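The next block holds one structure in the form of C-alpha cells; read it before the comments.
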Amino acid sequence: MKSRKRVGIMGGTFNPIHYGHLHLAQKAQEQVQLDKVLFMPSGYSYMKKNVLDTKKRVEMTALAIKEYSEFELSLIEAKKIGNTYTCETLYQLTKMNPDTQYYFIIGADSLFQIEQWKSPEEIFRFAILICAIRDNYDFDRIYKKGEVLAKFGAEIIYLNTPKWDISSTDIRAKVKDGKSIHGLVPPEVANYIEQEHLYYEED
C-alpha cells in the first residue's frame with residue numbers, strides 16, 4: 001500500500017512573515033519528516049483588524065520562502081472571498097488530495113483557543129496538530145489541554161522549540177519608529193517593506 005504524503009500547513013496573516021515562522025516550519029518539517037510545508041497567508045481575517053492588504057502579504061511570503069525547497073506557497077485562503085475558516089480549508093484540501101495526510105502547525109496559545117474556532121472537531125478529523133511548545137511554557141498545562149482535546153478526536157504532536165523573541169507586532173512597531181529589522185525578517189522582505197513603504201504609518 002502506498003504511503004500517504006505528509007504535508008504541513010503553516011497558516012497566518014504573515015503581517016509580516018518573519019524568521020520565527022520560517023524556523024518553526026523548518027523544525028516541524030525536520031522532526032515530523034514532512035514532505036513539504038504549505039505557507040498559507042490568510043485572506044480576510046475575521047479575528048484580526050487592520051491587517052495589511054492580502055496581495056502584499058502574499059508577496060512577502062513568497063519572497064521569504066523562495067530559498068527553501070521544502071516550502072510552498074498556498075493561495076487557497078488568500079483567494080477566498082469573505083471569512084476563511086481552518087475547518088473548511090482542511091476539508092477542501094483533503095477532498096482535492098485524498099492521498100495526503102495534513103499536519104496543522106500551531107503555537108501553544110492556539111491550542112487553548114481552538115475550541116472557539118469554527119467546527120474544531122472537523123479540524124481534528126482532517127489534520128494532525130503539530131503544537132509548538134516554547135521553553136517558557138507550562139508543559140503540564142499544555143499536555144492536560146491536549147488530553148481534553150483528544151477526547152474530541154484531536155491527535156497532537158508536541159514540538160519543543162526555542163523561544164524566538166520575534167513577533168509581527170514588534171516588527172511593525174520597529175518599522176514605524178525607524179528602527180532596523182535586520183535579523184528579524186529575510187533581507188528580501190525587509191527590502192519589500194521599505195520599497196512599498198509599509199507600516200510606516202501604523203496606528
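The values are calculated or read from the model by the stated rules, or taken from the named source; none is laboratory data. Since we're looking at a predicted model, the values are computed, not measured. Methodologically, a virtual Cβ is constructed for each residue, glycine included, from the backbone with ideal geometry; neighbour enumeration extends over all protein chains shown. Areas reflect the complete protein model, heavy atoms only, side chains present, ligands, DNA and RNA absent. Shrake-Rupley method; radii C 1.70, N 1.55, O 1.52, S 1.80 Å.
What to note about this one:
- Members of the range 76-93 found to be of a type outside the set (Phe, Trp, Tyr) and surrounded by 16 or more Cβ atoms within 10 Å (Cβ to Cβ), listed by number: 76, 77, 78, 80, 84, 86, 87, 88, 89, 90, 93
- Top-ranked residue of the range 173-197 - restricted to ones that are outside any loop (DSSP other than H, G, I, E, B) and touching a residue at least 12 places away in the same chain (Cβ under 8 Å), ranked as nearest to residue 52 (Cα to Cα): 193
- Subset of the range 28-49 that is modelled with pLDDT under 95 and either among the basic types (Lys, Arg) or assigned to a strand (DSSP E or B) (or both) - its residue that is surrounded by the fewest Cβ atoms within 10 Å (Cβ to Cβ): 49
- Under the condition of being in a strand (DSSP E or B) and open to solvent by less than 80 Å² (accessible area, probe 1.4 Å), the residues counted in the range 157-172 number 4.
- Out of 143, 200, sole residue that is in a helix (DSSP H, G or I) and open to solvent by 70 Å² or more (accessible area, probe 1.4 Å): 143
- Verdict on residue 72 being charged (D, E, K, R), modelled with pLDDT of 95 or more, closer than 20 Å to residue 26 by Cβ and in contact with a strand residue (DSSP E or B) (Cβ under 9 Å, 6 or more places away or on another chain): yes
- The condition of being modelled with pLDDT under 95, assigned to a loop (DSSP other than H, G, I, E, B) and open to solvent by less than 60 Å² (accessible area, probe 1.4 Å) holds for residue 52.
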